[in-house]
Amino acid sequence: MNNKTKTDVGVGRKASVTLRRRVVGCASTLVLALPLAVSASPVTTASADPAATGPSVVVAWQRIALRTIFAEGATPPQVGTLYLGFTSLAVHDAVQTSLERGNTSDQAAIATAAHDVLSEYFPASRANLDADLTSSLAAVPNGPRETKGIRIGRAAAAEMIASRVDDGRSDTTIAYAKPDLPGIWQPPATGMATAWLGFVKPLVINRPIPVDGPDPLASAAYATDYNEVRRLGSSASPDRTQEQTDIARFFASNPPFMYRDALCRYLDTHTLSVARSARLFARIDAAVADAMIRTFQLKFDIGFWRPFQAVAEAADDNNPDTTPESGWAPLIPNPAYSDYTSGHAAATAPFAEVVRRTLGDDTSLVLLSRAPDGSVVATRSYPSLSAIENDALNARVWGGLHFRDAMDDGYQLGHTTATRVHQQLQ
């Protein structure tokens, strides 16, 4: 990252709250790429078999969670990370308790915990979830082991649900408003999307991860980032290569869904134990959710402008090395929240870091980019998690959505969050 002088950015207007938890290069292969927008599109997954047994039941209920949250619930990606976190943490607790007590059905505990959490938050999907649970339990022999597993799953879900009462998700009256000055992001008429997300109680992290804030407008580092995104992120850029354009469009798909779907397919053939599978997803989802909460707190508190606003108003930024460009527009449409730090980074970096610490950086994943109707329009095969992170980071600059600094600092935030969650969630 460029050398820069900044002021540390600490806690915003809300102090973090500790959850009740018991702490016991472009190295990809492109098939096809078409323009996409990050959205809560009605995506679908490979068929989840609720009757799967052993470690596969963990993966099956992860797929069911994706279907429930994103396809049926049409939840925005940044908000969906919360509900993935609630589900995975409840499943993790159920597995831990089941293993500690012994003589229980892990499958019954897992399926019941996931079912009960998802049913609580997505009541419209209850009939489908009930059918999934019935299928899962049908694969478990009747008897005291099944009964005990169900009881454990229900208790884990109930504890999770109780811990999230009054956690900030219902405070949708929070509204973003800042003076119209150089460097300050201004929302559309509809306001900042999901402004409340930055004020939600974290899942695991009890202290906010510090960041050093955006580059000062008059700095050389800001001018470097500005000129990079102005040149390569424009919808009409003559300098961006076709490969860069393809990558920018590829990663405009729903990132939490894309990464989770790829990991589930990987685990279909690289099986982990029940305990390791549950712990892996719990760590991923807690880290991503907590990084996303912190990211939206920063987006609300700092409100740094997006490149399209910066390019239009460059004459007023007091930097002699930036010049405005009339009619500049990003390749990828911007969401209704500010630049710093990147929400895409909050979805990517924690996922990559947790999987890296568990399975190794050379874990190869096949990512699928989907159209709003859920159909696959692009496929990229990645030999490592670092390769995914590299392309995902550059994609947001080449797409004109972020300054590189928002990506770099977002990755630092995401990696640090993942490290802390990995240490705390055993």
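Look at the stretch 47-73: where a residue is hydroxyl-bearing (Ser, Thr, Tyr) and a partner is buried (at least 24 other Cβ atoms within 10 Å of the Cβ), sitting 6+ places away or on another chain with Cβ atoms under 7 Å, you get Thr53/Gln107; Thr68/Leu118; Thr68/Leu129.
Here Thr341 fulfils each of the conditions (1) modelled with pLDDT of 95 or more; (2) at positive phi apart from (2).
Remark: Asp171 falls outside the filter, which requires a residue to be under 20 Å from the mean Cα position of the chain (by Cα), of a type outside the set (Lys, Arg), surrounded by fewer than 19 Cβ atoms within 10 Å (Cβ to Cβ) and more than 27 Å from Asp405 (Cβ to Cβ). Go through the residues of the stretch 403-419 one by one and say whether even a single one is farther than 21 Å from Lys299 by Cβ, of a type outside the set (Lys, Arg) and not in a loop (DSSP other than H, G, I, E, B). Scanning the stretch 403-419, I find at least one residue that is farther than 21 Å from Lys299 by Cβ, of a type outside the set (Lys, Arg) and not in a loop (DSSP other than H, G, I, E, B), so the answer is yes.
The set of residues from the stretch 177-198 being of a type outside the set (A, V, I, L, M, F, W, C) and under 25 Å from Ser219 (Cβ atoms) comprises Lys178, Pro179, Asp180, Pro182, Gly183, Gln186. For the stretch 380-400, the count of residues that are modelled with pLDDT of 95 or more, closer than 15 Å to Asp246 by Cβ and surrounded by fewer than 19 Cβ atoms within 10 Å (Cβ to Cβ) is at least one. Mind listing just one residue for me: the one in the stretch 299-328 that is part of a helix (DSSP H, G or I) and more than 21 Å from Gly198 (Cβ to Cβ) and, of those, nearest to the chain's Cα centre (by Cα)? That would be Pro307.
Listed here are the residues, each with its yes/no results for (1) part of a helix (DSSP H, G or I); (2) touching a Leu at 6+ places or on another chain (Cβ under 9 Å); (3) within 30 Å of Ala60 (Cα to Cα).
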{"site": "Pro188", "(1), (2), (3)": "no, no, no"}
{"site": "Ala193", "(1), (2), (3)": "no, no, no"}
{"site": "Leu197", "(1), (2), (3)": "yes, yes, yes"}
{"site": "Val229", "(1), (2), (3)": "yes, yes, no"}
{"site": "Leu263", "(1), (2), (3)": "yes, yes, yes"}
{"site": "Leu267", "(1), (2), (3)": "yes, yes, yes"}
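Phe351 meets all of the listed conditions (1) under 25 Å from Gln309 (Cβ atoms); (2) of a type outside the set (Gly, Ala, Ser); (3) within 18 Å of the chain's Cα centre (by Cα) but one, namely (1).
For the stretch 47-76: of the residues being closer than 19 Å to Gln107 by Cα and among the small types (Gly, Ala, Ser), which is modelled with the lowest pLDDT? Among those residues, the one meeting the criterion is Ser47.
Filtered by the rule that a residue be of a type in the set (Phe, Trp, Tyr) and more than 26 Å from Phe70 (Cα to Cα), the stretch 370-426 gives Trp398, Phe403.
Scanning the stretch 346-356 for any residue that is of a type in the set (D, E, K, R), surrounded by fewer than 20 Cβ atoms within 10 Å (Cβ to Cβ), at pLDDT below 95 and over 26 Å from Asp301 (Cα atoms) turns up nothing.
Please determine whether any residue of the stretch 158-174 is part of a helix (DSSP H, G or I), at pLDDT 95 or above and of a type in the set (Val, Ile, Thr). Within the stretch 158-174, one or more residues are part of a helix (DSSP H, G or I), at pLDDT 95 or above and of a type in the set (Val, Ile, Thr).
Taken as a whole, the structure places Asn254 among residues that are crowded, with 22+ Cβ neighbours inside 10 Å and among the polar types (S, T, N, Q). Restricting the stretch 151-163 to residues that are over 23 Å from the mean Cα position of the chain (by Cα) and closer than 14 Å to Trp61 by Cβ leaves a set whose member that is surrounded by the fewest Cβ atoms within 10 Å (Cβ to Cβ) is Ala156. Return yes when Ile293 is within 23 Å of Thr53 (Cβ to Cβ) and surrounded by 24 or more Cβ atoms within 10 Å (Cβ to Cβ) and no when it is not. Answer is no for this residue. Restricting attention to the stretch 47-75, the residues that are part of a loop (DSSP other than H, G, I, E, B), within 16 Å of the chain's Cα centre (by Cα) and buried (at least 20 other Cβ atoms within 10 Å of the Cβ) total 1. If we scan the stretch 192-203, do we find a residue that is crowded, with 18+ Cβ neighbours inside 10 Å and on the phi > 0 side of the Ramachandran plot? Yes, the stretch 192-203 contains at least one residue that is crowded, with 18+ Cβ neighbours inside 10 Å and on the phi > 0 side of the Ramachandran plot.
The values are calculated or read from the model by the stated rules, or taken from the named source; none is laboratory data. In this text the structure is predicted, and so the values were computed from the model without any measurement. Backbone-built Cβ (ideal geometry, glycine too); neighbour counts: all protein chains shown.
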